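Enquirer: Structure incoming, see below.
Here, each number is a calculation from the coordinates, and none is a lab measurement. All figures in this text were calculated on a predicted structure; none of them were measured in a lab.
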Amino acid sequence: MADPLTKIVGRYFRRIFIWPLEAGFVFLLFFAARLLPVQMASIVLGWFLGVLGPLTPWHERAKRNLALALPALTAQDRTVTLKQMWRNLGRVLGEYPHIGQLAKTGRVEFVGLEHLQNLQTGGFLIGAHIGNWEVGPLAALSVGKKVAAIYRPLNNPLLAGLLERRQKHYGGDMYRKGREAALGMVAAMRKKQVMCLLVDQQLREGMAVPFFDHPAQTSISHIKIAIKKNVPIMYMRTERLHGCQFRVTISAPINLPADSSDDAVLAVATAINRELASWIAAQPDQWFWPHRRWGKDI
């Protein structure tokens, strides 16, 4: 059945008017942040999004998610947490053009690098959208590993260049979310690359796994591949210590079962979600709460 005329007109309106305006605004922010010293770019965009974020529709979703996950927080605590969350997100955007320089200027502290240095195979580093998650892969890069990644195409294709810029710095392969991603994980392991994954997002093709005691569709492909290919999964925890100072902690390889049955994979995924939830509970102002982590009904 053909799309109704209003939907067709809306689609072309987005492509002709909205996408260019959106891309222009993003590139303006990107290049403004690039021209500024990283500390100043972080502060300015942090302030900007701290003001703008609570006015957006995503703020209400963030409030619902926070209340669901951490019901013990008072209303005042939630207000402060979300304000700081938006400020943290703005800081991430301001720091994005400077990511390659952060480790070189001593702004990133690495803990547990020996687990990567001793790695003789490919492997998975898994983390969450917490702190500045873009600094996580710097741990692998700092010991000479090539970093592979999975990406979700941006709704606005005019912004695709920002993803390409990141991957050139990583040195490894980049695979589109979906079927290509599963094949890409296998290819990356064969090439002995380190694949960095943020596994705290809602996935239609995942498995329902408890997250803050509520079912959430969770990625499991990397768990199955790690078991079948006998490669490690390590945690990659990113924390903002203060200002533009960060810590990236790489764990020892997590325990994996001998088989990839549904029950075995569920047990691993549950342990992973529990670990990520502990990071978020410790620093709730640094996680990106507007994600649809528990689906559209929340």
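Enquirer: Could you tell me the extents of segment 223-298's C-alpha atoms along the three principal axes, largest first, rounded to whole Å?
Expert: Dimensions of segment 223-298 along the principal axes of its Cα atoms: 43, 35, 16 Å.
Enquirer: A further question follows. How big is the gap, in Å, between the Cα center of segment 262-298 and the Cα center of segment 27-67?
Expert: Taking the Cα centre of segment 27-67 as reference, the centre of segment 262-298 is 23 Å away.
Enquirer: Using θ = phi - 60° and the Karplus curve 6.51 cos²θ - 1.76 cosθ + 1.60, what whole-Hz ³J(HN,Hα) does each residue of segment 41-46 get, with Gly and Pro shown as x?
Expert: My calculation for segment 41-46 gives 4, 5, 5, 5, 6, x Hz in order.
Enquirer: Something else: Can you list residues whose amide H is under 5 Å from GLN217's amide H, if they're 5+ apart or on another chain and H is modeled 1.01 Å from N?
Expert: LEU203, VAL209
Enquirer: Under the Kirkwood approximation for Rh and a Cα-based Rg, what ratio Rg/Rh is obtained for segment 5-96?
Expert: 1.11
Enquirer: If you don't mind, another one. In deg cm²/dmol and to the nearest 500, what is the mean residue ellipticity at 222 nm of the chain if only DSSP H runs of at least 4 residues count, each as -39500 (n - 2.57), divided by the residue total?
Expert: Using -39500 (n - 2.57) per qualifying helix, the result is -14500 deg cm²/dmol.
Enquirer: Using every Cα-Cα pair within segment 101-286, state what percent have a distance larger than 23 Å.
Expert: Considering segment 101-286, 40 percent of its Cα-Cα pairs are separated by more than 23 Å.
Enquirer: Can you list the HN-Hα couplings for segment 68-77, worked out from phi with the Karplus curve (6.51, -1.76, 1.60; θ = phi - 60°), rounded to whole Hz and with x for Gly and Pro?
Expert: 5, 7, 10, x, 6, 5, 6, 4, 5, 4
Enquirer: Quick one: which residues, 5+ away or cross-chain, put their amide H under 5 Å from the amide H of GLN283? H built at 1.01 Å from N.
Expert: none
Enquirer: State, as an integer percentage, the relative contact order of segment 5-96 based on alpha-carbon contacts under 8 Å between residues 6 or more apart.
Expert: This gives 43 percent for segment 5-96.
Enquirer: Sorted from largest down, give the three principal axis spans of the alpha carbons of segment 164-223, whole angstrom values.
Expert: For segment 164-223, the Cα extents along the three principal axes come out at 38, 22, 17 Å.
Enquirer: From the phi of every residue in segment 279-286, what ³J(HN,Hα) in whole Hz does the Karplus formula 6.51 cos²θ - 1.76 cosθ + 1.60 yield, where θ is phi - 60° and glycine or proline is x?
Expert: So the J values, rounded to whole Hz, are 4, 5, 4, 6, 9, x, 6, 9.
Enquirer: Hey, another quick one. Got the relative contact order for segment 101-286 handy, in percent, Cα pairs under 8 Å and 6 or more residues apart?
Expert: 30
Enquirer: Turning to a different aspect of this structure: Past 30 Å, Cα to Cα, is the threshold; run LYS63/LYS228; LYS104/LYS192; LYS229/LYS296; LYS145/LYS228 against it and keep the listed order.
Expert: Beyond 30 Å: LYS63/LYS228; LYS229/LYS296.
Enquirer: If amide hydrogens are placed 1.01 Å from N in the peptide plane, which non-local residues have theirs closer than 5 Å to the one on PHE246?
Expert: The answer is VAL108, GLU109, LEU241.
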